[in-house]
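Trainee: Please see the structure below; I have some questions.
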Amino acid sequence: MSNTRTQTVSQNQESMLKPPKRYKVVLLNDDYTPMDFVVTVLMEVFHLPHTQAIAIMLMVHESGRGVCGVFQKDIAETKCNQVLERAEAAGFPLRCLTEEE
Ligand code: TYC
């Protein structure tokens, strides 16, 4: 049985050896957000080229959801919040979430 100190040390060693968890930013479809708004958000928040932003938007439109990118946790959450803030500011019900890979 390990005491608190050895447990902390071994947890730290483990986190040093393992690659950090990665998180998908997932965009969800809705019936109201305009396609060009989604494309602009994808280009500006995820720095995607126009062709790729259109491809992801159409994937979400046709299948219900799509992955915008995969990042470390804090970056994924920041990008997700940026999408939600832009949608709310523009009055669109665009939804976005993060998911462990
Ligand atoms: N379904 C929307 C429309 O027809 C477009 C859309 C695409 C909305 C992707 C959200 O994440 C989304 N205007």
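Rule-based calculations on the coordinates, nothing more; no lab input. Just so we're clear, the structure is a prediction, and the values are computed from it rather than from any experiment. Here Cβ is always computed from backbone atoms with ideal geometry, including for glycine, and neighbour counts include all displayed protein chains.
Trainee: Answer with one residue from Ala89, Met35, Phe46: the one whose Cα lies farthest towards the positive end of the charge dipole of the range 19-100, charges on Cβ with Lys, Arg +1 and Asp, Glu -1.
Mentor: With unit charges placed on the Cβ atoms, the residue in question is Phe46.
Trainee: If each Cα of the chain is one equal point scatterer, what is log10 of I(q)/I(0) from the Debye formula at q = 0.10, 0.20 Å⁻¹?
Mentor: Reported log10 I(q)/I(0), two decimals: -0.36, -0.92.
Trainee: While we're on this one: Please report His50, His61 as a ranked list, fewest other C-beta atoms within 10 angstrom at the top and most at the bottom.
Mentor: His50, His61
Trainee: A further question follows. Taking the simple approach of a point 7 Å from Cα along Cα-to-Cβ for both His50 and Glu101, what is their distance in nm?
Mentor: 3.0 nm
Trainee: When the helix-only estimate is applied to the chain (DSSP H runs of n ≥ 4, each -39,500 (n - 2.57), divided by the residue count), what is the mean residue ellipticity at 222 nm, nearest 500 deg cm²/dmol?
Mentor: Taken over the chain, the calculation gives -18500 deg cm²/dmol.
Trainee: While we're on this one: With only Lys, Arg, Asp and Glu charged, each at its Cβ (+1 for the first two, -1 for the last two), find how big the charge dipole of the chain is about the Cα centre; round to the nearest 20 debye.
Mentor: 500 debye
Trainee: While we're looking at this one, here's another question. Give me, ordered by chain and number, the residues 5 or more places off Arg22 or on other chains with an amide H under 5 Å from its own placed amide H.
Mentor: Glu101
Trainee: I've got another one for you. So who's got an amide H within less than 5 Å of the one on Arg95, skipping anything under 5 residues away but keeping other chains? H placed 1.01 Å off N, in plane.
Mentor: The list, which skips near neighbours in sequence, is Leu28.
Trainee: Who wins for biggest fluctuation among Thr40, Thr51, Thr78 in a Gaussian network model of the chain, springs between alpha carbons below 10 Å?
Mentor: For the chain, modelled as a Gaussian network with Cα springs under 10 Å, the answer is Thr51.
Trainee: Still on this model: What is the distance, in nm, between label points placed 7 Å from the Cα along the Cα-to-Cβ direction at Asp30 and at Gln82?
Mentor: 2.0 nm
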